Amino acid sequence: MASRRSTGVLGTWAELQRQQQRQREAELRARQQQQRADERNRREAQKAAARADREAQRAYQQAREAEVARRTAEIEERVAELQGVLRARLSAPGFHIDRLRAAVEIPPFQPGELARPIPMPDPARYQVAAPSGLGSFAPGAHSRYEQDRAQAQARYEHDLRAAQAAEYERQQRYNDYHRQFEEWANGQRALAAQRNDQVDDLVRRLAARDPEAIEDYFEGVLLASPDWPEGFSDQSTVAFDAAGRQLVVDHELPTVDVVPAVARMRYVKTDDQEKEVARTATDRRTIHRDLLAQSALRILAELFFADHEGILDSVVLNGFVQAIDPATGRPGRTYLVTVTARAQEFRHIGLDRVDAVACLEAMEGTLSTRPDRPTPVRTTRLADSVASAPAPAPTPTPPAPPGAGDDDPDLFVMDPIEFENLIAQLFRRMGMEVATTARSGDQGVDVVAVDPDPIRGGTIVVQVKRYRHTVPPTAVRDLAGTVQHHGANKGLLVTTSQFGPGSHEFIRNKPLGLVTGPELVGLLARHGLRGRLGPGTGTAAAPGSRLLVQVAWDPGTAPPLDPCAFVCRRGRVLGDEHFVFFNNPASPEGAVRIGDGVAYLIDLALLPREADRLVLAAAVDEEHAPGRDLSTLRGTRLTRLDQANGRDLGTNPVPTRRPGETAMVLGAFVRADTGWTFSPTTNGFRNGLLGVAESHGVEVE
C-alpha cells in the first residue's frame with residue numbers, strides 16, 4: 001500500500017512543527033558554537049593575562065635584581081677605593097709650593113647696556129612745514145604756523161633736556177660701575193700679591209730652615225692632599241725637630257667603620273626581599289689593617305715627595321683614631337700605627353709594588369693587631385711633645401752643680417788625660433772595674449767597665465764624645481760595632497751635648513744607652529765629682545721648676561713598665577685629660593709629659609692653680625708582660641734632676657713591692673705655702689693601670 005503525505009490542516013501543522021524544530025536546533029547549534037568561541041576567547045584572554053603577569057613579574061624581579069647588583073657594585077667600588085688609597089696618590093702629581101701662588105685673572109670690563117649712549121632727539125623730526133600756495137593766503141595761516149613751530153620747538157627742547165639728563169645719568173652709572181670694577185680688580189690683584197708675598201716669605205723661611213715655616217708648609221701639604229676617600233679626616237698635628245731634621249706627625253685615620261660591614265646584596269625571590277650578606281669580621285679587619293698601612297705610606301709619600309729642598313731627614317708618623325679609651329671610658333685618641341721613615345731609604349721603596357702591611361713592618365713600624373677593637377700601639381714620639389719642648393741649644397752651658405763655682409773644671413776644655421781619668425773615676429765610684437783604651441781623634445774616651453755583680457754584671461763599653469753640637473748618628477752606630485768588638489754586654493755613649501732623634505731610633509731594641517751633657521754633670525755630682533759645661537757662674541744655681549724625674553732599677557729585674565701621672569686636687573684627678581699615660585702622653589697645659597723609659601718631664605710652674613698634688617706612678621705593661629708583677633723589682637730608685645743644668649735634686653729609694661701588685665705610686669709633688677715639695681710616699685695596687693687610675697678618681701666605664 002503506497003504512503004502519501006497528509007494534507008490539510010494536520011499536514012500544515014506538522015510542517016510548521018518540523019520547521020520550528022529545525023530552527024531550535026539551529027539556534028542551539030549557534031549558541032553552542034558561540035559558547036565555544038567565548039570559551040576560547042576567555043582562555044586566550046586568561047593566557048594573555050597570565051603571560052602579561054609573568055612578563056610583569058619577570059620585569060619586576062629583573063628590576064629588583066638590577067637594584068641589588070647596583071648596590072653590590074657600589075659596595076665593591078667602595079672597597080676597591082679603600083684598597084687603592086696608596087695607588088691613587090702615586091697617580092697624582094706631587095705637591096709644589098708654587099701651587100700656593102695666586103694667578104690673577106681679571107675678566108674684561110663688561111658694562112652691558114651702560115656702554116650704549118642715550119640717542120639725542122633729531123631736530124629734523126621737529127620741523128613744521130611753512131604754509132605754501134593758496135594756503136598761505138588763508139586767514140590765520142601765518143599765526144597757526146608760528147604757533148605750531150613754537151610748540152614743536154618746545155617739544156624738541158623738552159626731549160633734548162630729557163635725553164641729556166638720561167645720558168648724564170648713564171655716564172654717572174657707567175663711571176660708578178667702572179670704578180667699582182677697578183676697585184674689585186685692584187683688590188684681587190692686591191690679595192694675589194699679598195698671597196704671593198706670603199709664599200715668597202715662606203720660601204725664604206724654608207730656605208732658612210725656620211721650624212714654624214716648615215711645620216706650616218708640611219701641614220699645608222697634608223691639607224692639600226687630593227683624592228682621599230669620603231669619610232677620611234684631614235686632622236693632623238705637625239711638629240719639626242730642627243736638631244734632628246725630623247718631622248713628627250700625628251694624623252687621624254679612619255676607624256673600622258669605614259669598611260662596609262656588608263659584603264654584597266642578594267635578592268630572595270620567594271620572599272621578595274633584598275637581603276644583606278655580612279662581611280666576615282676577619283675580612284673586615286684585614287681590609288682595615290691594610291688601609292691603615294696604605295694610609296701611613298701615602299702620608300709619608302706626600303711629605304717626602306713635597307720635600308724638594310731636602311729639609312727632612314726623617315718623619316715619625318703616628319696614626320690615631322677617635323675611639324673610647326678602654327682605661328678611662330672616655331672618647332680620645334687611640335694610636336693604631338706608628339713608624340719612623342728616613343728620607344733616603346723611603347725614596348728607594350717601590351710603592352707601586354709593595355704589600356703595605358709588609359712594607360710597614362719592614363720599616364720597623366708598628367701596626368695594631370686588632371685595630372677594630374681598637375688595640376693601641378706604643379708610640380715613641382708624639383708631635384705635642386716636640387711642639388712643647390724647648391728648642392735645643394747648639395752649645396749647652398748649664399750652671400754648675402751644687403756647691404760648684406768657677407773652680408769646677410770645664411769639661412769642654414779639660415785636658416784630655418784629666419778628662420779620661422775623670423770618666424774612669426766616675427765609673428769606679430759607680431762600683432765598676434775600669435780600664436781605659438786609646439783616645440780617638442774627636443777627643444772621645446773609650447772606657448771598658450766591668451760590673452762585678454754576678455747577676456746583673458758584665459762588660460760595658462763606655463764612649464764619651466766631647467761635642468758642642470748634636471752627636472751624629474754615626475757615632476751611635478760606631479758604638480754598636482765597638483760593643484761587638486769587645487764582646488760586651490752593653491754599650492753606653494756619653495756626650496757633653498745632646499743626641500738627635502736618629503740616635504734614639506737606632507738604639508731601640510739594642511743593648512745601647514745614651515747619656516746627655518746635663519745628665520753627665522748630674523752623674524758626676526751624684527758621685528762626688530766636679531765638672532761643668534761651659535763658663536761657670538761662681539754661685540750655685542737655685543733649682544728651677546722644670547724637672548726631669550727618672551726611675552731606675554737593677555738590670556734584669558723588671559717587667560716592662562708604663563709610666564703614668566695624675567694632676568689632682570684633694571686626691572682626685574682634675575679631669576680625664578689630666579690622667580697622663582701612654583695614650584695621653586701630656587697634660588693639656590704641658591706641665592707633665594711622659595719621657596723615654598720610665599721618666600717624666602715636669603714643669604711645676606705650668607700646673608693648674610687648682611691642682612694641689614702631682615702623683616707619679618707606673619704599671620706593668622700587661623700587653624707585653626702578661627702575668628708579671630712588681631715583686632721582682634730590685635734596687636728601684638727615683639731621681640729628680642733640674643732640666644736646665646742636669647743637677648741632681650735628690651734620689652729616693654722605692655720599696656720592693658709585694659707579689660701580685662702590678663702598679664705602684666712612686667711619689668708625689670705636693671703644693672705647700674713655700675712652693676712644691678716632693679713626698680716619697682709609695683703604694684701598691686693589684687689590678688694594674690686600671691686600679692691606680694680608679695684610686696685617683698678616673699672614671700672607667
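Annotations
- Residue, modelled with the highest pLDDT, within the stretch 367-393, restricted to residues that are surrounded by 20 or more Cβ atoms within 10 Å (Cβ to Cβ), touching a Lys or Arg at 6+ places or on another chain (Cβ under 8 Å) and of a type outside the set (Gly, Ala, Ser): Leu367
- The stretch 466-499 - residue that is at pLDDT 80 or above and part of a strand (DSSP E or B) and, of those, farthest from Val448 (Cα to Cα): Thr495
- Qualifying positions in the stretch 601-622 - more than 17 Å from Pro560 (Cβ to Cβ) and in a strand (DSSP E or B): Leu601, Ile602, Asp603, Arg613, Leu614, Val615, Leu616
- Counting only residues that are part of a strand (DSSP E or B) and touching a Pro at 6+ places or on another chain (Cβ under 9 Å), the stretch 196-244 holds 3 of them.
- Test for Ala644: is it out of contact with any strand residue (DSSP E or B) (no Cβ under 7 Å at 6 or more places or on another chain) and of a type in the set (A, V, I, L, M): no
- Qualifying residue in the stretch 408-421 (condition: modelled with pLDDT under 50, of a type in the set (A, V, I, L, M, F, W, C) and part of a loop (DSSP other than H, G, I, E, B)): no
- Residue match in the stretch 333-349 (condition: over 22 Å from Thr286 (Cβ atoms) and modelled with pLDDT under 85): yes
- Contacts under 6 angstrom Cβ, first residue in the stretch 629-648 being without any contact (Cβ under 8 Å) to a residue 40 or more places away in the chain, partner assigned to a loop (DSSP other than H, G, I, E, B), 6 or more apart: Ser631/Arg657; Ser631/Pro659
- All told, Ala190 falls short of being more than 60 Å from the chain's Cα centre (by Cα) and either within 30 Å of Pro108 (Cβ to Cβ) or loosely packed, with under 12 Cβ neighbours inside 10 Å (or both).
- Any chance Ala103 is part of a loop (DSSP other than H, G, I, E, B), loosely packed, with under 10 Cβ neighbours inside 10 Å and touching a residue at least 60 places away in the same chain (Cβ under 8 Å): yes
- Within the stretch 199-233, being over 25 Å from Ala88 (Cβ atoms), surrounded by 12 or more Cβ atoms within 10 Å (Cβ to Cβ) and either touching a residue at least 24 places away in the same chain (Cβ under 8 Å) or β-branched (Val, Ile, Thr) (or both) holds for Val199, Leu202, Val203, Leu206, Arg209, Pro211, Ile214, Glu215.
- All conditions but one from (1) surrounded by fewer than 17 Cβ atoms within 10 Å (Cβ to Cβ); (2) out of contact with any His (no Cβ under 8 Å at 6 or more places or on another chain) apply to Phe346; the one that does not is (1).
- Test: residue in the stretch 245-263 that is touching a helix residue (DSSP H, G or I) at 6+ places or on another chain (Cβ under 9 Å), of a type in the set (A, V, I, L, M), surrounded by fewer than 19 Cβ atoms within 10 Å (Cβ to Cβ) and assigned to a strand (DSSP E or B): yes
- Neighbours by Cβ (under 9 Å, 6+ apart or cross-chain): first from the stretch 121-146, under 30 Å from Arg161 (Cβ atoms) and loosely packed, with under 11 Cβ neighbours inside 10 Å; second of a type outside the set (D, E, K, R) and at pLDDT below 75: none
- Residues of the stretch 264-279 satisfying the condition of being in contact (Cβ under 8 Å) with a residue 40 or more places away in the chain and not in a strand (DSSP E or B): Lys269, Asp272
- Residue within the stretch 155-163 that is surrounded by 11 or more Cβ atoms within 10 Å (Cβ to Cβ), among the basic types (Lys, Arg), out of contact with any helix residue (DSSP H, G or I) (no Cβ under 8 Å at 6 or more places or on another chain) and over 30 Å from Asp227 (Cβ atoms) present: yes
- Checking each residue of the stretch 573-588 against the condition of being over 21 Å from Leu382 (Cα atoms) and touching a strand residue (DSSP E or B) at 6+ places or on another chain (Cβ under 7 Å) gives at least one match.
- Within the stretch 153-194, tally of residues that are within 14 Å of Leu114 (Cα to Cα), in contact (Cβ under 8 Å) with a residue 12 or more places away in the chain and of a type in the set (Ser, Thr, Tyr): 2
- Filtering Ala605, Ala625 for residues that are modelled with pLDDT under 85 and out of contact with any strand residue (DSSP E or B) (no Cβ under 7 Å at 6 or more places or on another chain) leaves a single hit, Ala625.
- Among the residues of the stretch 672-692, those that are in contact with a strand residue (DSSP E or B) (Cβ under 7 Å, 6 or more places away or on another chain) and touching a residue at least 24 places away in the same chain (Cβ under 8 Å) comprise Trp676, Phe678, Pro680, Thr682, Gly684, Phe685, Gly688, Leu689, Gly691, Val692.
- In the stretch 56-85, the residues that are at positive phi form no Cβ pair under 7 Å with any partner that is assigned to a helix (DSSP H, G or I) and polar (S, T, N, Q), whether six or more places apart or across chains.
The values are calculated or read from the model by the stated rules, or taken from the named source; none is laboratory data. Given the structure is predicted, the values throughout are model-derived calculations rather than measurements. When we count neighbours, we look across all protein chains shown, and the Cβ atoms used for this are built from the backbone with ideal geometry, even at glycine.
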